[in-house]
């Protein structure tokens, strides 16, 4: 399952893209990004915090500047990681398909975009904005998530989507931003769930302590 089924870009750089709310950034995000960087020989991994995520309706998303700051702090020690403000600075909802197109324009049409995600996100990809355009624009690096069977993707996704997937073999990491927020709200420790710098920011700015946990 780890082998590619279509040819990878022969020219241009390979750019990893990890989008999300990052509310907050945690160790599973970082480990998934680094595993993808090494396995697929990515020049760098660009973390793209969402501005107004269109699918997050189950809780009040933290201020974009707080999420951007936490992502910047958490990625600071890896020279191959960068954080983009491109979605934060948009007015209105941000969509992955538009982000990928803008990155192609910025880095050149021969750039290979490797969109990194968990298996749970991949199962929902058909619901994304302009979903049918996605297999033409990027490859999708899909990592295991606890409770998800990667084999299910073959039966759930149309052939063009499945052919654009590269599987990322790694031990599933059972950390979620929902869990982190809930632990903060209930006064529990989040040490070893998020980088120390992210924990310090959460404590300093009193995030997630006023009913903001899902």
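Throughout, read-outs are computed from the coordinates displayed, never taken from laboratory work. Everything numeric in this text was worked out from a predicted model, so none of it was measured. In this analysis, Cβ positions are derived from the backbone assuming ideal geometry, glycine residues included, and neighbour counts consider all displayed protein chains.
Here are some notes:
- Antiparallel %, DSSP beta bridges [both residues in the chain], to 5: 0 percent
- Computed over the chain with a Gaussian network model linking Cα atoms closer than 10 Å, the most mobile of 127, 82, 65 is 127.
- In this calculation the C-beta distance from residue 107 to residue 191 is compared with R0 = 35 Å, giving a FRET efficiency of 0.40.
- Using C-alpha pairs below 8 Å separated by at least 6 residues, the relative contact order for the stretch 14-172 is 24 percent.
- Residue with peak Gaussian network fluctuation, the chain [Cα springs, cutoff 10 Å], from 116, 165, 190: 190
- Averaging 1/r over each pair of different alpha-carbon atoms in the stretch 102-172 and inverting the result gives 12.8 Å, the Kirkwood hydrodynamic radius.
- Global geometry of the stretch 96-214, whether rounded, prolate or oblate, following the gyration tensor of its Cα atoms and the 1.5 cut on a/c: prolate
- Panel order for 154, 104, by other beta carbons found within 10 Å of each beta carbon, from fewest to most: 154, 104.
- Neighbour counting of Cβ atoms within 10 Å sorts the residues 208, 192, 162, fewest neighbours leading, into 192, 162, 208.
- Inter-centroid distance (Cα atoms) of the stretch 119-182 relative to the stretch 22-43, Å: 14 Å
- The chain shape via C-alpha gyration tensor axes, a/c threshold 1.5: prolate
- Simple spin-label estimate for residue 41 and residue 154 in nanometres, 7 Å along Cα-Cβ: 2.7 nm
- Listed residues 145, 101, 191, most fluctuating in the chain (Gaussian network, C-alpha, under 10 Å): 191
- Every helix of 4 or more DSSP H residues in the chain counts as -39500 (n - 2.57), and over all residues that averages to -9500 deg cm²/dmol at 222 nm.
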